[in-house]
Amino acid sequence: MISDRKLKHLEICRDMDVGHRRKTTHLEDVELVHLATPELNLSDLDLSTVFLGKRISAPLIISAMTGGHPSTKKINESLAKAASELGLGICVGSQRAALEDPSQEDTFRVVREASGEMLVIANIGAAQILSPERLSLAERAVSMIGADAIAVHLNPLQELVQPMGDTKYRGVLNAISDLADKLGVPVVAKETGCGISREVAKGLLESGVSAIEVAGAGGTSWAAVEYYNAQSKGERSKAEVAETFWDWGIPTAMSICEIRSLKQSVSIIASGGIRNGLDIAKSIALGADLAGVARELLVPAFKGNREVAARLERLIHELKTAALLTGARDIRSLKSVPVVLSGGLLNWIMQRGLGACKND
Ligand SMILES: Cc1cc2nc3c(=O)[nH]c(=O)nc-3n(C[C@H](O)[C@H](O)[C@H](O)COP(=O)(O)O)c2cc1C
């Protein structure tokens, strides 16, 4: 049942236009200042970084997508092989299907098998950790793939608009806090396309999370995915509600500023609509530590690991180009390059009283 739903989601994301329609990431409101005399060679650049205790060759991970249906194994293998080949990290999709049906475990295990020692992040839903068995569920998710950390996904919009979604969220921060206290691996909190506000980030940090993946609006819209899902089942009223919320959420650039404005030590993963290496460079200059990419890698993943690696290589090459053109030799210096903000992003920062949101 859950397994079939996972496959359906994957096919909708591959075949339909599930991007935000009227909303963007607002990374277009971030301008990096061109440096005509960079005093650097391309070979001088070292964009590697340490995230959740593991070194990755560039500030980039593959965001959570799949696993949980037999035909997702090959896709996870392609993603993990490419991540490993390029020295990057990967987060698996929600492991709920395998926690409920152990015959699906190999569709997740393949990620650790194919990625060797690289950074692998497990994944569980906020709705699952509300269960009194949360610790044992999370431990099983982590041990299933020898994970270095676990992501807890927050997807209230999707749950509200999907047929038979979980609509109970009371107690979610306490549950995250309990996991962060007892689990023994770092906890990452992630949205799935609606972004994280300053207030939510504050609560998450007080609950002990080590990193926050913003998954802001401007990329994949899960209301859109559920719109197509409900339509295909003839559930007209669900489809209408989903369509109303198609563009709901905090855009990615705004969410980075929201969290960084707290001035607290937390790793921020910029995600939601990251389409190229310039988006990554802008996100880092704005306050993120690294970026995550999901749907952009889905079509390549259906073709194989070479296609995924080629897409990731392009992203890294674009990121290096932006770094060189702003005179940034490494991630530290990229974080402090000047940015000029405009439009909706500047407006948001002023109205929300976020002040300077950069990493300084
Ligand atoms: C096909 C697909 C499946 C996804 N499944 C999950 C999931 O199981 N768990 C999760 O935390 N996020 C999931 N996501 C959300 C992504 O991790 C990411 O937060 C979101 O898609 C925004 O990134 P994007 O705009 O690059 O796609 C999924 C995304 C896609 C495209």
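The values are calculated or read from the model by the stated rules, or taken from the named source; none is laboratory data. Model, not experiment: these values are computed from the prediction. Neighbour counts are summed over all protein chains in view; Cβ atoms, including those assigned to glycine, are modelled from backbone coordinates with ideal geometry.
Overview of values
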{"quantity": "Helices (runs of 4 or more DSSP H) completely within the stretch 288-360 that count 3 or more residues being of a type outside the set (A, V, I, L, M, F, W, C) and under 16 Å from I256 (Cα atoms)", "calculated": "343-351"}
{"quantity": "Search result, residues across the stretch 276-287 that are among the small types (G, A, S) and over 25 Å from L262 (Cα atoms)", "calculated": "G277"}
{"quantity": "When residues of the stretch 233-263 are limited to those that are free of Cβ contacts under 8 Å to residues at least 60 places away in the same chain and polar (S, T, N, Q), the one farthest from L345 (Cα to Cα)", "calculated": "S237"}
{"quantity": "Selection within the stretch 13-50 - hydroxyl-bearing (S, T, Y) and surrounded by 11 or more Cβ atoms within 10 Å (Cβ to Cβ)", "calculated": "T24, T25, S48, T49"}
{"quantity": "Residue among S271, S255 that alone is under 13 Å from S63 (Cα atoms), of a type in the set (S, T, Y) and either at pLDDT 95 or above or more than 14 Å from the ligand (Cβ to nearest atom) (or both)", "calculated": "S271"}
{"quantity": "Qualifying residue in the stretch 89-107 (condition: modelled with pLDDT of 95 or more, aliphatic (A, V, I, L, M), crowded, with 22+ Cβ neighbours inside 10 Å and not in a helix (DSSP H, G or I))", "calculated": "yes"}
{"quantity": "Enumeration of residues in the stretch 165-179 that are surrounded by fewer than 20 Cβ atoms within 10 Å (Cβ to Cβ) and either assigned to a helix (DSSP H, G or I) or within 16 Å of the ligand (Cβ to nearest atom) (or both)", "calculated": "G165, D166, Y169, L173, N174, S177, D178"}
{"quantity": "A285 vs. criteria away from the ligand (no atom under 14 Å from the Cβ), of a type in the set (G, A, S) and in contact with a Lys or Arg (Cβ under 8 Å, 6 or more places away or on another chain)", "calculated": "yes"}
{"quantity": "Every residue from the stretch 191-238 that is under 18 Å from the mean Cα position of the chain (by Cα), more than 12 Å from the ligand (Cβ to nearest atom) and part of a loop (DSSP other than H, G, I, E, B)", "calculated": "S197, V209, S210"}
{"quantity": "Every residue from the stretch 48-75 that is assigned to a loop (DSSP other than H, G, I, E, B), hydrophobic (A, V, I, L, M, F, W, C) and farther than 16 Å from K335 by Cβ", "calculated": "L52, A64, M65"}
